[in-house]
Amino acid sequence: MFEVGKLRKTILDMAYAGSTVHIACAFSIVEILAVLYRSHLNLGNGHPEDPLRDYLVLSKGHGVMAQYACMLELGWLTDDDIQNYFSDGTSLKGLSDAHVAGLEVSSGSLGHGLSVSVGLALGAKRNRTKQKCFAIVGDGELNEGTIWEALMFAVHFKLDNLIVIVDVNGYQAMGSTQEVMDMGNITDKFEAFGFDTLEINGHDEHLLDKTIHELVNSHSDKPKAIIANTIKGKGISFMESDNRWHYTRLTSETYHQAIAELSEKEVISLP
Amino acid sequence: MRNAFSNALINAAKSDPRVILMTGDHGYALFDEFRQQCPEQYINAGVAEQNMVGVAAGLAKSGFRPFVYGLSAFVPIRVLEQIKLDVCYEQLPVILVGDGAGVVYSSLGSSHQSTEDIAALRAIPHIAILSPADSYEMTQCMNLALEANQAVYLRIGKADLHPIHSCLPDFPLGDLSQIKQGNSKMCLVATGSMVKTAMDLSERFGDLEVWSVPCIKPMNVSQVVSIAKRHELIVVLEEHSIYGGVGSAIAEITSELSQTRVCRIGIQDKFSRFCGSYQYLMKEHHLDTESIFKRINKLNS
């Protein structure tokens with residue numbers, strides 16, 4: 001389960017069926033989500049509404065198709081949900097929406113999800129549950145001041161059950177993060193705020209696995225952060241780091257071309 | 001009124017460990033007693049109100065009953081999107097408390113004055129708006145907020161004017177509260193600090209009926225229609241913009257369901273210009289008793 005090629009194929013299927021954008025935003029976090037769902041999230045009784053499962057907050061709500069792909073693997077979504085994506089009267093939206101069982105927050109308006117994550121992590125500690133809260137934020141999202149408010153709060157209240165993963169794909173809606181709003185050294189900034197921080201390649205599943213394990217099992221009372229360097233549109237040659245794919249829709253040609261690239265890597269079979 | 005709020009809050013926290021008070025570094029002496037009696041249930045979230053509301057949403061999702069306290073210039077105005085998306089969209093029972101509503105912070109200027117908070121929140125689904133006029137209404141509003149199991153905005157205006165009731169009024173969520181009976185063709189409807197002014201005006205005009213509006217949203221439509229049917233003119237008084245406040249709410253109902261005229265007396269489409277005392281600012285905005293008396297006389301002439 002949670003094989004990354006298959007997850008990417010599901011994302012392509014959804015995006016093509018619904019003629020939607022934000023494909024590249026979803027592709028940069030596929031390995032992160034795969035590793036989390038495969039090995040680190042305690043899913044409790046396996047039901048999306050189990051109140052005691054670990055939280056996974058997708059604060060960068062634009063990447064939600066990657067989470068839908070994982071939820072299909074879990075049986076929380078069906079093939080019909082994927083094929084009817086964006087049909088009139090359906091529930092799955094283009095941004096993360098907490099009314100969908102399995103999604104924790106309504107985000108996409110950026111800088112919201114991390115604050116709610118902090119509240120969830122604080123709530124878990126006060127309720128004395130063992131719940132962890134993983135929050136995935138984008139590097140473009142770091143422009144929002146609320147992110148830094150949330151980081152201050154998390155450190156001050158020693159939320160050691162909060163793990164923030166920053167998807168550093170280097171782009172935001174209108175261009176590269178350096179051009180739009182240079183955030184400088186993100187790892188230094190998280191460390192300066194008081195997080196236990198590690199910077200890694202966000203597409204290296206083995207390294208992600210090891211790093212998450214190390215941070216989660218550390219005895220530090222600090223919140224944790226993983227600065228995950230990723231590639232926007234990862235896995236598809238003509239999407240990788242071409243920021244037009246933040247907003248570009250698939251045509252029949254580009255859909256089949258992308259599927260073919262995935263199948264060449266022998267990770268999926270052709271439809 | 002602030003004592004009634006503080007007492008109700010302490011009682012709530014002592015009887016329910018899920019109650020948590022969050023403040024954006026405001027409140028000072030108001031929370032001394034709370035901090036002493038319920039230290040584990042007190043969180044100063046720092047000068048970071050937007051995050052505070054998001055955290056409150058997360059806590060509410062985890063089963064807690066957060067109160068979020070701030071000046072009404074900041075809660076709800078600075079945090080409006082967090083209220084809309086993090087709290088109301090998910091129908092979470094967060095109680096937002098905005099203190100110093102209207103022009104209470106007269107000498108501090110427009111940054112600390114709040115004359116648009118009702119209008120901003122009325123358009124957001126799944127939130128109740130409460131605006132008590134005295135300590136009795138405050139106690140009842142706190143009861144309603146705690147029973148409601150939904151998002152609530154509690155608007156606290158000028159706190160120390162005068163008691164309106166002589167005992168705890170037992171109004172349900174949504175109801176207006178009748179303060180005084182009268183036989184005139186005109187009646188006065190007011191909220192918060194302006195209920196005292198309505199009482200003073202009622203005496204000057206003889207026998208005007210006076211209603212307090214402790215629940216701005218939801219609002220009991222049939223009650224408003226009943227008031228409208230008995231009067232030719234309803235004068236609505238509020239320490240808030242004439243746009244989108246209680247006057248607008250009453251006018252919306254009466255324009256659809258009655259022939260009655262509604263006169264909205266509130267803050268016109270302008271900011272406070274000068275520094276000064278609360279009384280001075282109320283005069284600048286023509287919300288002092290004398291200015292309103294003249295205005296109503298003109299309406300009747």
*Taking H placed 1.01 Å from N in the peptide plane, check which residues at least 5 places from B:Ser184 or on another chain put their amide H under 5 Å from its amide H.*
B:Glu209
*asked:* Modelling each spin label as a point 7 Å along the Cα-to-Cβ direction, I'd like the B:Ser291/B:Ser277 distance in nm, to one decimal.
replied: 1.6
_Where B meets A: accessible area buried, both sides, 1.4 Å probe, Å²_ = 2000
*Most positive-pole-ward Cα, B:Ser255, A:Leu120, B:Pro169, against dipole of the protein assembly as shown from beta carbon charges*: B:Pro169
*Among the aspartates and glutamates, select those whose C-alpha is under 13 Å from the C-alpha of B:Lys180, and discard any that sit fewer than 8 residues away in the same chain.*
B:Asp200, B:Glu203, B:Asp207, B:Glu209
*For chain B, report the accessible area per residue in Å² (1.4 Å probe, heavy atoms, rounded to an integer).*
40
_Is the C-alpha gyration tensor of segment B:205-250 telling us rounded, prolate or oblate? Criteria: a/c under 1.5 is rounded; beyond that, a/b larger than b/c is prolate, otherwise oblate._
oblate
_So if I take the centroid of the Cα atoms in segment B:120-143 and the same for segment B:198-263, what is the distance between those two points in Å?_
17
*To the nearest whole number, what is the average tally of beta carbon atoms from other chains within 10 Å of the beta carbons of peptide A:120-126?*
6
_Past 26 Å, Cα to Cα: identify those pairs from A:Lys210/B:Lys61; A:Lys6/A:Lys189; A:Lys6/A:Lys60; A:Lys93/B:Lys217, in the order given._
A:Lys210/B:Lys61; A:Lys6/A:Lys189; A:Lys93/B:Lys217
_Compute, for chain A, the length of the dipole vector about the Cα centre, with Cβ point charges of +1 (Lys, Arg) and -1 (Asp, Glu) only. Units Debye, rounded to 20._
620
*Hey, could you get me the Stokes-Einstein D for the protein assembly as shown, Kirkwood radius over alpha-carbon pairs, 4 °C and 1.567 mPa s, rounded to whole µm² s⁻¹?*
50
*Taking chain B and dividing mean pair separation by its residue count, relative contact order in percent (alpha carbons under 8 Å, at least six apart)*: 15
*Quickly work out the B:Tyr28-to-A:His213 label distance, labels modelled 7 Å from Cα along the C-beta direction, and quote it in nm with one decimal.*
5.5
*Can you give the angle from 0 to 90° between the axis of helix B:2-15 and the longest principal axis of chain B, with both taken from C-alpha atoms, to the nearest 10?*
40
*Overall form of chain B per C-alpha gyration tensor (a/c, 1.5; a/b vs b/c)*: prolate
*Straight-line reach from B:Lys14: which aspartates and glutamates have a Cα under 13 Å away, not including same-chain ones fewer than 8 places off?*
B:Glu33, B:Glu40
*Most mobile listed residue (B:Cys88, B:Cys38, B:Cys215) in chain B, GNM with C-alpha springs under 10 Å*: B:Cys38
*Applying the Karplus parametrisation 6.51 cos²θ - 1.76 cosθ + 1.60 with θ = phi - 60° to the phi angles of segment B:182-198, what ³J(HN,Hα) value in whole Hz is obtained for each residue in order, glycine and proline being reported as x?*
x, 10, 6, 6, 10, 9, 10, 10, 9, 9, x, 4, 7, 5, 4, 4, 4
*To one decimal place, what orientation-averaged projected area in nm² is obtained for the convex hull of the Cα set of segment A:156-195?*
3.5
_With the cut-off at 1.5 for a/c, could you classify segment B:148-278 from its C-alpha gyration tensor as rounded, prolate or oblate?_
rounded
*asked:* Just want to confirm a number: the relative contact order over segment B:36-83, from Cα pairs under 8 angstrom separated by 6+ residues, in percent.
replied: 39
*Can you send over the carbon and sulfur percentage of the accessible area for chain A, probe radius 1.4 Å, protein chains only?*
49
*So what is the orientation-averaged projected area of segment A:1-151, using the convex hull of its C-alpha atoms, in nm²?*
8.5
*Name the long-range amide H neighbours of B:Arg65: under 5 Å, sequence gap of 5 or more, or other chain; modelled H, no Pro or chain starts.*
B:Val19, B:Ile20
*Integer Hz, Karplus 6.51/-1.76/1.60 couplings in order for segment A:221-230, x for Gly and Pro*: 8, 8, x, 10, 9, 10, 8, 9, 7, 10
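The values are calculated or read from the model by the stated rules, or taken from the named source; none is laboratory data. All of these numbers come straight from a predicted model, not from anything done at the bench. Heads up, the Cβs are rebuilt from the backbone with ideal geometry, glycines too, and the neighbour counts pull from every protein chain shown. What goes into the accessible areas is simple: the full protein's heavy atoms, side chains included, and nothing from ligands, DNA or RNA. Shrake-Rupley method; radii C 1.70, N 1.55, O 1.52, S 1.80 Å.
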